[in-house]
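This report concerns only the one structure given below.
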Amino acid sequence: MKKNVVILSALVLSAFNLPPSINRMDSLGKLFSAEGKKVIVFTTADSSNLKLTLTDTLSFKTLLQPKETQVCVFVDPSKTFQSFLGIGGALTDASAETFAKLPKAKQQEFMLAYYNVNKGIGYTLARTTIHSSDFSSDSYTYISEGDKDLKSFNVAHDKQFRIPFIKQAIAAAGGKLTMFASPWSPPAFMKSNNDLLHGGTLKAAFYQPWANYYTKFIKTYEKEGIPIWGISVQNEPMATQRWESCVYTAEEERDFLKNYLGPTMKREGFGDKKIIVWDHNRDLMFQRASTIFSDPEASKYAWGMGFHWYESWSGGTEMYENVARVHESWPAKNLMFTEGCAESFRAGGYYTWSLGERYGRSMINDFNNGTVGWTDWNILLDETGGPNHVQNFCFAPVHADTKTGELIYTNAYYYIGHFSKFIRPGAKRISSVASRSQLLTTAFKNADGKVAVVVMNQSNLKITYNLCIGTKAAEVNILPHAIQTLVL
């Protein structure tokens, strides 16, 4: 086994060679009932073979007053916060095209690994694109250029790879995925630069045809057997990219939502679909929220705000406090992480432990600041970090070597699994706080009463800490650069 990566073909663990430890958890329900009030610990750790591995079963003892020298994670299940929607990844053209190149057995393995809650990590949330993005092999739309009446609208392109891929994912998830869709750009003729790529803005004359396009997409996909839970207005509306992109100021997005998209969705019978605004980085999210949510007519159509993590690309830090400020200012609006990935793919980078740690750090902070759902970017990419028609190659939690047919699971897959496998839709976040800055933590209480506490060790040291609930505590050891889920 190579360091910090698992190439599943080398491990014969089940009929589908599922990732280590995960395939042993079919009996988890029996373990819960048998152990009662004990704490069950699952661990993923750097420089080890631990990958979502059941590492301990601990008992609570009385601890009336922790000492200053004792490290503690304090959990209070009586303090509840937002309801949990789910965790998932984007089902892009790139993912679908890569998936289609895998042998049948590997395709089955992949679906179980992501969507089966017992043998995999139990994804329940998904995103897809409204026509092409950079993670497509080419640029395309669903209409003939110049067709403002959308008479030529069809999704024939998607029927080759993406739609069959999504249908398999839905089936693997037990028949249901919470699916939302995002556009990267209107068709070229609708834009100021007459180009599907390179930014530009939506021409005023095409506000209504473009609003109609979203509802055409929903109707067509649902006719194909793919329910759409919601949409976002525009992917990254403040970015002029060399790929599909379109710029909206906050006022432009507000006015398009309240005067065109929102009323059109309602008129076409889609008033129950969720509309997500912003769908861009944490850096400007407060200004966008203020502009849209402070306008009653626009706000009534907005389910909430989506955000990404790429503001740290310039060397800055992730701006988690901006998520908190939006949540405390507009508590009735939902927050969802809608995209994130490790950029700048490089050969051999699968082994980098910081890939997973970035996910763990972001997910803990985002959930603690009010986020209800968390969506990764591409669920699968090939050995080049693509396909991508503008060479914007990136990492995914799972890569496929299309030359050998093997699946490569980076540690990001396991870090995400520490949340998605144990925190289920309908859970409520509960209070969780660590007494040392080296430890990050969040916690949720599931609808069945089970509590999942995630603890992440960012340090180079092995740490012994107490999981404290009231006057009871269980002593836990966590390895350097490790993440644990404690279930009780």
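Each reported figure results from applying straightforward, stated rules to the coordinates on display, with no laboratory input. Note that the structure is predicted; figures quoted are calculated from it, not measured. Using ideal geometry, Cβ is built from the backbone for each residue, glycine included, and neighbour counts are taken over all protein chains shown.
Please list, ordered by chain and number, the residues whose modelled amide H lies under 5 Å from the amide H of Leu63; skip anything fewer than 5 residues away on the same chain.
Here the answer is Lys472, Ala473, since their amide H atoms fall under 5 Å of that of Leu63.
Rounded to the nearest 0.05, what FRET efficiency do Ala188 and Thr464 give with R0 = 45 Å and r taken as the Cβ-Cβ distance? Could you check?
With R0 = 45 Å, the Cβ-Cβ based efficiency is 0.15.
On a 0 to 90 degree scale, rounded to 10, what angle separates helix 411-420 from the longest Cα axis of the chain?
90
Could you derive backbone 3J(HN,Hα) for segment 445-454 from the dihedral phi with the Karplus parameters 6.51, -1.76 and 1.60 (θ = phi - 60°), listing whole Hz in sequence and x where the residue is Gly or Pro?
For segment 445-454, the Karplus curve yields 10, 6, 4, 7, x, 6, 9, 10, 10, 9 Hz.
Given the DSSP H assignment, sum -39500 (n - 2.57) over each helix run of at least 4 residues in the chain and divide by its residue total; what's the result at 222 nm in deg cm²/dmol, nearest 500?
Calculated from helices alone, the mean residue ellipticity at 222 nm is -7000 deg cm²/dmol.
Please list, ordered by chain and number, the residues whose modelled amide H lies under 5 Å from the amide H of Leu335; skip anything fewer than 5 residues away on the same chain.
It is Met305, Val372, by chain and number.
Taking the square root of 5 times each eigenvalue of the Cα gyration tensor, what semi-axes in Å does the equivalent ellipsoid of the chain have, largest first?
38, 26, 19
Enumerate the calculated ³J(HN,Hα) couplings along segment 171-177 in order (Karplus 6.51 cos²θ - 1.76 cosθ + 1.60, θ = phi - 60°), each rounded to whole Hz, writing x wherever the residue is Gly or Pro.
4, 5, 7, x, x, 8, 10
In whole Hz, with x marking every Gly and Pro, tabulate ³J(HN,Hα) for segment 340-357 from phi via Karplus 6.51 cos²θ - 1.76 cosθ + 1.60, θ = phi - 60°.
Computed from phi, the couplings for segment 340-357 are x, 7, 7, 7, 6, 4, 9, 4, x, x, 3, 7, 6, 5, 5, 4, x, 4 Hz.
Taking the Cα centre of the chain as the origin, how large is its charge dipole in debye, to the nearest 20, when only Lys and Arg (+1) and Asp and Glu (-1) carry charge on their Cβ atoms?
In debye, rounded to 20, the chain gives about 1540.
Would you mind ranking Met363, Met265 by Cβ crowding within 10 Å, fewest neighbours first? Write down the numbers at each step before the final one.
Values: Met363 27, Met265 23.
In increasing order of surrounding Cβ atoms, one gets Met265, Met363.
Rounded to the nearest 5, what is the percent of antiparallel bridges among the DSSP beta bridges in the chain?
55
Under a point spin-label approximation (7 Å from Cα along Cα-to-Cβ), what is the Ser78-Glu222 distance to one decimal in nm?
Each label point lies 7 Å from its Cα, and together they span 4.5 nm.
Ala90's amide H: which non-local residues (gap 5+, or another chain) put their own amide H closer than 5 Å, with H modeled 1.01 Å from N in plane and none for Pro or chain starts?
Amide H neighbours of Ala90: Arg127, Asp376, Trp377, Asn378, Ile379.
I need the peptides 370-379, 63-72 ranked by packing, meaning the mean over residues of other C-beta atoms within 10 angstrom, with the highest value on top.
Ranked by mean Cβ neighbours within 10 Å, highest first: 370-379, 63-72.
Just grab the label-to-label distance for Ser294 and Thr317, each label 7 Å out from Cα along the Cβ direction, in nm (one decimal).
The answer from the label model is 2.7 nm.
Helix 207-223: angle to the longest alpha-carbon principal axis of the chain, degrees 0 to 90, nearest 10?
In the chain, helix 207-223 runs at an angle near 60 degrees to the longest axis.
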